[in-house]
Amino acid sequence: MSQHPDAPPAVPAAMTGSGSPIPQIESLLLQAFLASIPDHIYFKDLQSRFLAVSQAKATRDNLTPAQLIGKTDFDFFAEAHARKAYDDEQAIIRTGQPMLDKLEKETWPDGRVTWVLTSKLPLRDDLGKVIGTFGISKDVTKSVETQKALEEANLQLMEATRQAGMAEVATGVLHNVGNVLTSINVTANLLSDRFRDSKVTSIFKVCALLRDQSADLPGFFAKDPRGAKLPGYLENLANALDQERTETMSDLGTLLKSIDHVKDIIWMQQSYASVAGVVEPLALNEAIEDAIKLSNNALLRHNVHVTREFAITPPARAERHKVLQILVNLISNAKKAMDVKEPSQRRMILRIENTPQNTVQIKVIDNGVGIPPDNLTKIFSHGFTTRKDGHGFGLHSSANAAKQMGGSLSAFSQGPGKGATFVLELPAWKEGESNSLAVKSAEQAFAPISAARSV
Ligand SMILES: Nc1ncnc2c1ncn2[C@@H]1O[C@H](COP(=O)(O)OP(=O)(O)O)[C@@H](O)[C@H]1O
Ligand SMILES: [Mg+2]
């Protein structure tokens, strides 16, 4: 009689109580197998009662294999888990379809959780009729826990990286606001000094003099030498007060400009932060100007000469705050790389280019220390830094951000002393592309790359 084509090895006849006894050697092999395999193997009847189990399975339940026979999962597991296993087995019996490599969570009555990788198959007799199920479960608790710990660590890493990127931008904001506050302070002090020394007090002296002479003012002006000098004195005083007023107006103008500057910086940072996760058409020249504004004080302090070479390009398809973060990072790196140069020789080029691939590029080019060939890929690793006070997050988080926008960040250098070029490539915004912005939540925008891939 031919066996059912999909049938797994027939159940040993000794177990079904029908047919001829299984040959001695096969029985021996099966016994040896069940006795020593570390995995949990079981054979169950149509009511999911154990017919036979591996020693490992019995040991885990604190019984011998013989004691397990006739029992069910309900005797060992929490109800919900036993019910689920039972339903799966009944489905296999009904459909004849196996269930392979299923990751199962086991919850024990004492609350312990273990994980198993399970395959369950229909158990057929010699005629191919389903008479139960059999299966194998491998305890994978350790590797599941390891993987969970890895995922958790990855999330923490991404979060740290994201915060480091934001910190770089925040540092730019604080530097700028701090510098403007210094100039506000200087101007306010000037104003205060000027008011303290103001000639305005001289008017009081004139008033007092006139009050003293009030009995005979015409006589005072006609005969007293002080009266004769008074008109000239008043004219000089008027001129001095007028000059004071002009200077005060000019200082107040400077003060208002500085306050506007602070407002601008804060507004810019907020406008970037508030659009996290929004993909939009982004004018590259504006993004570069904003990044320069944030870096300007540091660039001036380090005497870096900046050249703009902007081609006309379509807007990029990008997230504004990410691009700003990347550019601020690249500019800050370039500036530091040029510290080795004479101040008068520090040159940075910011270039915008089209490509034939429907992408747009921003190049940040410096003539600083350069990068040895061995380091060209390493510099993008998390934590890689060659700087004493570096942390090695900038390029890693920038490259991640570029990737998340469908772009890339790459580095080029002819070697030590030869300067470096960083290229941020982004997809171009297609003309006519819907302006309904793809809004993602901030968490999604920063989802770890591996998690995004596995979805
Ligand atoms: N413009 C550049 N020129 C030369 N080397 C650079 C440049 N930008 C980055 N690097 C190298 O890449 C490393 C990593 O940069 P980054 O990730 O921003 O971290 P950090 O600035 O904290 O060192 C730097 O330490 C430096 O060795
Ligand atoms: Mg850096």
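The values are calculated or read from the model by the stated rules, or taken from the named source; none is laboratory data. Just so it is clear, the structure is predicted and the values come from calculations on it, not from any experiment. Note: ideal-geometry Cβ built from the backbone for every residue, glycine included; neighbour counts use all protein chains shown.
Structural remarks
- Checked against the criterion of being within 14 Å of ligand 2 (Cβ to nearest atom) and surrounded by 17 or more Cβ atoms within 10 Å (Cβ to Cβ), the candidates S332, S381 yield just one match: S332.
- I265 in the same structural domain as L210 (by TED's automatic domain parsing), crowded, with 16+ Cβ neighbours inside 10 Å and modelled with pLDDT under 85: yes
- Residues that are hydroxyl-bearing (S, T, Y) and closer than 16 Å to A311 by Cα within region 323-361 comprise T355, T359, listed in sequence order.
- Inclusion of S381 among residues that are at pLDDT below 95, assigned to a helix (DSSP H, G or I) and near ligand 1 (Cβ under 10 Å from one of its atoms) is not warranted.
- Qualifying position, being at pLDDT 95 or above and surrounded by 22 or more Cβ atoms within 10 Å (Cβ to Cβ), among L284, L324, L294: L284
- Residue selected from region 202-242 under the condition under 30 Å from L191 (Cα atoms) and of a type in the set (S, T, N, Q), by the criterion farthest from the chain's Cα centre (by Cα): N236
- Count of residues meeting criterion [more than 22 Å from T359 (Cα to Cα) and touching a residue at least 12 places away in the same chain (Cβ under 8 Å)] in region 279-308: 14
- Residue match in region 300-315 (condition: assigned by TED's automatic domain parsing to the domain that holds E431, touching a Phe, Trp or Tyr at 6+ places or on another chain (Cβ under 7 Å), within 25 Å of H391 (Cβ to Cβ) and outside any loop (DSSP other than H, G, I, E, B)): no
- Yes/no for L230 being over 30 Å from G390 (Cβ atoms), assigned to a helix (DSSP H, G or I) and out of contact with any strand residue (DSSP E or B) (no Cβ under 7 Å at 6 or more places or on another chain): yes
- For region 353-363, the criterion of being near ligand 2 (Cβ under 10 Å from one of its atoms), in contact (Cβ under 8 Å) with a residue 60 or more places away in the chain and either of a type in the set (S, T, N, Q) or in contact with a Cys (Cβ under 7 Å, 6 or more places away or on another chain) (or both) is satisfied by no residue at all.
- From the options F77, F43, residue that is surrounded by 17 or more Cβ atoms within 10 Å (Cβ to Cβ) and part of a loop (DSSP other than H, G, I, E, B): F77
- The conditions of being within 30 Å of V328 (Cα to Cα) and part of a helix (DSSP H, G or I) are met by V177.
- One residue stands out in region 132-166 among those that are part of a strand (DSSP E or B) and touching a Leu at 6+ places or on another chain (Cβ under 6 Å): the one that is farthest from H396 (Cα to Cα), namely G132.
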